[in-house]
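The values are calculated or read from the model by the stated rules, or taken from the named source; none is laboratory data. All values reported here derive from a predicted model rather than from experimental measurement. Ideal geometry is used to build each Cβ from the backbone, glycine not excepted, and the neighbour counts take in all protein chains shown.
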Amino acid sequence: MAGAYVGLGIILIFTLGNLLDPSVRPLVMGATFGIALTLVIIAGSELFTGHTMFLTFGVKAGSISHGQMWAILPQTWLGNLVGSVFVAMLYSWVAVACCR
């Protein structure tokens, strides 16, 4: 579900960025991205990129096997995909309902 948290953060980034002067927009949008990552950390979710890094280190250190790594990675990817698609569908539904 980390994809959902990042998706919510991205919606916040573009909402705030759209309201600001173009000269400060990149600074505020960059700072706001940290909120999305903070949501992931506080919720205890796992991003696919972070999982890939830790599992690669685990294989290199010998604490997990290649088979274990390839069993976990698709689950993480699928969870991130489901979360991000859910937020995208929710956002599009709200946008359509709001603008009728």
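Structure notes:
- Any pair with Cβ under 6 angstrom, 6 or more apart, that starts in the stretch 1-16 at a residue that is part of a helix (DSSP H, G or I) and ends at one that is of a type in the set (Asp, Glu): Ala2/Glu46
- Taking the numbered list (1) of a type outside the set (Val, Ile, Thr); (2) farther than 16 Å from Val6 by Cβ; (3) loosely packed, with under 13 Cβ neighbours inside 10 Å; (4) modelled with pLDDT of 90 or more in turn, Leu19 passes all entries but (4).
- Tally of residues being in contact (Cβ under 8 Å) with a residue 12 or more places away in the chain and either not in a helix (DSSP H, G or I) or not hydroxyl-bearing (Ser, Thr, Tyr) (or both) across the stretch 86-100: 3
- Residues that are in contact with a Leu (Cβ under 6 Å, 6 or more places away or on another chain) and assigned to a helix (DSSP H, G or I) do not occur anywhere in the stretch 49-57.
- Taking the numbered list (1) part of a helix (DSSP H, G or I); (2) surrounded by 12 or more Cβ atoms within 10 Å (Cβ to Cβ); (3) aliphatic (A, V, I, L, M) in turn, Ile42 passes all entries but (2).
- Selection within the stretch 60-85 - surrounded by 14 or more Cβ atoms within 10 Å (Cβ to Cβ) and in a helix (DSSP H, G or I): Met69, Ile72, Leu73, Thr76, Trp77, Gly79, Asn80, Gly83, Ser84
- Single residue of Ala88, Ala31, Ala95 found to be of a type in the set (A, V, I, L, M, F, W, C), over 13 Å from Val6 (Cα atoms) and surrounded by 11 or more Cβ atoms within 10 Å (Cβ to Cβ): Ala31
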